[in-house]
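The structure under discussion appears below in the form of structure tokens.
Values in this text are rule-based calculations from the coordinates and carry no lab data. All values reported here derive from a predicted model rather than from experimental measurement.
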Amino acid sequence: MRIRRTAIRAGIAAAATGALVLSGALAAAADEPAPATETVSTAMVPSGFDVAVAEANGYRVITDSDGVQRSVAVSPEAIAFERTLARARTTYVVGPCGNSWINAVSRGNSKFISTGYVVPRPVIAKNWTVQVWGWSGMPSTWWGGASGPSWSSSWSFSMPGDGFANVLPGSNVVMSDGTVCASGSPGENFHS
């Protein structure tokens, strides 16, 4: 499957445009510490390739005789990077192309959400949305841009009642070799 850069931009723009933030949601103080709690994580899986990103970073997307696509390093820099990566693999990348997670905490009307991912290569672009499904609305937030192979962020707001938060299906990253890596959409009920 080929994914064009314009399609990714359109997806990012649609996610940003579609992100709903209820007017009653208030940001919590920046210096308020996020509580330490359990985290739900799921595997991330390859969902295609961005050929332009692959080529811009010294990779070529090829199709094997069995019809399976893969990205191979072709420039000296990409080949050297892949050799370094093979020697330095970590054990915390558990999915086919990474791991994504979410943590949703409730302290009365104050809600705290943290989310992130770990993938094997630098990220050229991300399209990451967290949606809250609650009694008083459906606030969401979106993150975009590049990152290293490991990224996390948090979001806090005010909402009465309980709810469920998840990384929306379709949230993904485009790695430097052109692989589009989709989140497994981890989610959990708010907990204290």
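Here are a few things to note about the model shown:
- Base-10 log of normalised Debye intensity for the stretch 42-173 (one unit scatterer per alpha-carbon) at q = 0.15, 0.20, 0.21 Å⁻¹: -0.80, -1.18, -1.27
- Sequence-distant residues sharing a close amide H with V123 (under 5 Å, placed H): S147, G148
- Whole-Hz ³J(HN,Hα) from phi, Karplus 6.51 cos²θ - 1.76 cosθ + 1.60, for the stretch 103-119, glycine and proline x: 9, 10, 10, 10, 10, x, 7, 8, 10, 10, 10, 10, 8, x, 8, 9, 10
- The stretch 47-56 - phi-based ³J(HN,Hα) in whole Hz, Karplus 6.51/-1.76/1.60, Gly and Pro as x: 10, x, 9, 9, 4, 5, 5, 4, 5, 5
- For the stretch 46-192, averaging the sequence separation of C-alpha pairs within contact (under 8 Å, six or more residues apart) and dividing by the residue count gives a relative contact order of 29 percent.
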